[in-house]
Amino acid sequence: MIGDGRTDKDRQLDDVRVDYRDTALTTDQGIRVDDTDNSLRPGERGPTLMEDFHFREKITHFDHERIPERVVHARGAAAHGYFEPYDDSLAAFTRAEFLTSPRTRTPVFVRFSTVAGSRGSADTVRDVRGFAVKFYTQQGNFDLVGNNMPVFFIQDGIKFPDFVHAVKPEPHNEIPQASSAHDTLWDFVQLQPETTHMMMWLMSDRALPRSYRMMQGFGVHTFRLVDAEGRGTFVKFHWKPKLGIHSLVWDETQKIAGKDPDFNRRDLWEAIETGNFPEWELGVQLVAEEDEHAFDFDLLDATKIIPEELVPVRPVGRLVLDRNPDNFFAETEQVAFHIGNVVPGIDFTNDPLLQGRLFSYLDTQLIRLGGPNFTQIPINRPLADVRNHHRDGYHQMTIPRGQASYHPNTTGGGCPAVGGPGAYTHFQERVDGHKIRKRSGSFADHYSQATLFWNSMSAWEKEHIVAAFRFELGKVVQTHIREGVVRNLNNVDHDLAALVAAGIGVAAPPAPAVPNHGRTSPALSQAHAPVQSAATRKVAVLVADGADAGQVEAVRAAITTMGAICDVLAPRGGAVRGEGGEAVPVTHALDTMASVLYDAVLVPGGQESARTLSVNGQAVHYVAEAFTHGKAVGALGAGSLLLEAARIGPGPHPGVVVGTTGDIDDFVEAFGTAVAAHRHPERAVDSVPA
Ligand code: HDD
């Protein structure tokens, strides 16, 4: 960190940032161009000449603009920021300075992503979200390449191509895009019971985050912290969002995918642009080496969590994202994460999934970014010095001087010198065994933690999970696949299997031999992790001509004061006429911003406005849809006419706030509380069409 509030990485990037304002157009060779709209030709109607170097260069560069998208996690959005530890308490466990030096702000670049969809797919599909953090530490780059779910689909990296082939669009017709609801994925799932725990997470609302800013992150694997004496401690990394963990509802996500496919990307961008910097707390679960076998699951098995009730999450520091990239391709697309990028004080374990990843990430960057010098691309360059004997390759950006490109040497004075203080030394784990292809018996229980997850859900979370299984399996054509999945679910919980079976036309299986163990882990439920804050929530205020301008202004001011964003929507853009003839400015026309793009809707008074809206199908649908999606709905005075038109009965309904004109302050307070609660999933919505 440097004095002006910018990070060292930001300053490093200054060297390559280019601003084209007040400049003249040139070729790539720096030659000024006289005309870029007409190719060179003999006569006005003649063919283009080969010698038109500007034309050839322009078209050639364009022809080569694309690089392969990531084979998974192709769709993403990223931002710059920093990480700072709270204190030096981890110094007893690790020599990693960025985790233990409270005065150090380490620059980071964080990329969020979906997994299955291609680069142009929609943000709000049902999927795992990637949460990849590159720390540019003074000791070199550390990449924590995690997800928003703490477990994974498979236990061994060698299964990754099989899993990804199954979840990606089917090979014969490339359908469906960015969706797990198809035969091949569920066929894989029914045949690989190790997927069961992760499928429970995937069918939960965790797969539908309201915002990247409102989801947890996990390093997933058990890693190792290593202290100055070389002693190890097992560690799991957790990111907890300051704004709480919140999700969309399924119907909403599908509609958003059409109305605004960039929903999560836009949300991240706008939050940072408006100074609402997203923030997470880093936490660690620590397990002593001698406790490696103290659990009824294997720490090396990435399909398992360490329940927080067994090992609490210890807060370590905070991550803040405060700067959007300047250029999507140069930064977000070219950033190359690699789970093998570790710094002294952090090491791996023998988790076979982790071990597989150690090969894959470096390998994939070679094809994606075109050769071994991708580490010199500005977004990938460490802040720490890079000095070694790697040479040549496509696009070498440095000019190594001197004769020595080998070790040992005398021609370069023996440099770069090997070892010394600060050098990375691997944890000296004793490993001894026969070469075999065999999964450990300690990896064999695929159901207990899936049951733990199910048991820990609130009633509405369970309903959403059942609905998700029914939807996904309802899209599966082959009956034996549906049956196979239900058989697996029966080992998780008999009621769950029966509920799913009933929705997809499959016979419910008999009660399983091993009944539900009944244990819970409250920390797994989103319902148990509420953060009551309306900050950065989007509220739509619906008006038409004749709106009560005073009320509109009062609610706008109150919503803004609570840190939420208030948009005034009307049947037309520009402004509407207030009750007293004054102009009420309109942020958007109704037809440009659907209700699914907001967290809450409010209808102020004004008889004429409310009457107009209550016979406007779009406005009626707007309120009904927000209601069925469990959002805060408010009406002041005559505004409740619109609620009636939307067939929202007299209630009371959770999260529906109706006020008379006399009590604006009370109304706004109650409405603010309803917005801060995020959604009201306990609301009965079945009778309202939307
Ligand atoms: Fe992976 C990308 C997360 C298992 C192979 N992975 C990728 C990204 C994230 C993860 C967040 C996107 C990084 C970015 O934004 O550029 N992957 C995970 C997690 C896993 C996991 C949390 C399990 C715990 N991955 C995994 C396995 C393999 C890979 C088992 C292969 C053996 N992952 C890749 C990859 C990708 C990738 C092919 C594609 C693009 C890239 O690496 O840069 O190497």
Task: Filtered residue count, the range 109-148, keeping only those that are within 13 Å of the ligand (Cβ to nearest atom), more than 23 Å from Met198 (Cα to Cα) and out of contact with any His (no Cβ under 6 Å at 6 or more places or on another chain) - done: 3
Task: Residue identified as within 16 Å of the ligand (Cβ to nearest atom) and touching a helix residue (DSSP H, G or I) at 6+ places or on another chain (Cβ under 6 Å) among His246, His165, His221 - done: His221
- [ ] Please work out if Ala498 is closer than 18 Å to Ala635 by Cα and open to solvent by less than 70 Å² (accessible area, probe 1.4 Å).
- [x] no
Task: Cβ-Cβ under 6 Å pairs, at least 6 apart or on other chains, the range 360-377 side on the phi > 0 side of the Ramachandran plot, far side open to solvent by less than 50 Å² (accessible area, probe 1.4 Å) - done: Gly371/Gly393
Task: Boolean, Ile67 is within 16 Å of the ligand (Cβ to nearest atom), modelled with pLDDT of 95 or more and surrounded by 10 or more Cβ atoms within 10 Å (Cβ to Cβ) - done: yes
TODO: Specify the residue that is farthest from the ligand (Cβ to nearest atom); the eligible residues are those in the range 70-90 that are without any contact (Cβ under 8 Å) to a residue 60 or more places away in the chain and surrounded by 15 or more Cβ atoms within 10 Å (Cβ to Cβ).
DONE: Ala74
Open item on the list: Test of understanding: among Arg647, Arg611, Arg572, which residue is in contact with a strand residue (DSSP E or B) (Cβ under 9 Å, 6 or more places away or on another chain), among the basic types (Lys, Arg) and open to solvent by 50 Å² or more (accessible area, probe 1.4 Å)?
Closed with: Arg572
Open item on the list: Restricting to the range 168-187, count the residues that are within 16 Å of the ligand (Cβ to nearest atom) and in contact with a Ser or Thr (Cβ under 7 Å, 6 or more places away or on another chain).
Closed with: 1
Open item on the list: For the range 153-182, give me the residue count where each residue is on the phi > 0 side of the Ramachandran plot and crowded, with 19+ Cβ neighbours inside 10 Å.
Closed with: 1
Task: Odd one out for Arg439, checked against (1) in contact (Cβ under 8 Å) with a residue 24 or more places away in the chain; (2) in a helix (DSSP H, G or I); (3) open to solvent by 70 Å² or more (accessible area, probe 1.4 Å) - done: (2)
Task: Per-region count, the range 339-349, residues within 12 Å of the ligand (Cβ to nearest atom) and open to solvent by 30 Å² or more (accessible area, probe 1.4 Å) - done: 1
TODO: Output yes when any residue across the range 305-315 is more than 13 Å from the ligand (Cβ to nearest atom), in contact (Cβ under 8 Å) with a residue 60 or more places away in the chain, crowded, with 17+ Cβ neighbours inside 10 Å and assigned to a strand (DSSP E or B), and no when none is.
DONE: no
Open item on the list: Can you pull out every residue in the range 361-383 that is more than 9 Å from the ligand (Cβ to nearest atom) and in a helix (DSSP H, G or I)?
Closed with: Leu366, Ile367, Pro372, Asn373, Phe374, Thr375, Gln376, Pro378, Ile379, Asn380
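If you go through the range 192-199 one residue at a time, do you hit one that is open to solvent by 30 Å² or more (accessible area, probe 1.4 Å), outside the structural domain of Arg487 (by TED's automatic domain parsing) and not charged (D, E, K, R)? Break it down stepwise before answering.
Keep residues of the range 192-199 that are open to solvent by 30 Å² or more (accessible area, probe 1.4 Å), which gives 192-193.
From what is left, the residues that are outside the structural domain of Arg487 (by TED's automatic domain parsing) are 192-193.
Checking the rest, the ones that are also not charged (D, E, K, R) come to 192-193.
Taking every residue of the range 192-199 in turn, at least one turns out to be open to solvent by 30 Å² or more (accessible area, probe 1.4 Å), outside the structural domain of Arg487 (by TED's automatic domain parsing) and not charged (D, E, K, R).
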TODO: Scan the range 316-338 residue by residue and report those that are within 8 Å of the ligand (Cβ to nearest atom) and assigned to a strand (DSSP E or B).
DONE: none
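The values are calculated or read from the model by the stated rules, or taken from the named source; none is laboratory data. What you see is a predicted model, and the numbers here were worked out from it, not measured in a lab. Methodologically, a virtual Cβ is constructed for each residue, glycine included, from the backbone with ideal geometry; neighbour enumeration extends over all protein chains shown. Heavy atoms of the whole protein, side chains included, go into the accessibility calculation; ligands, DNA and RNA do not. Shrake-Rupley method; radii C 1.70, N 1.55, O 1.52, S 1.80 Å.
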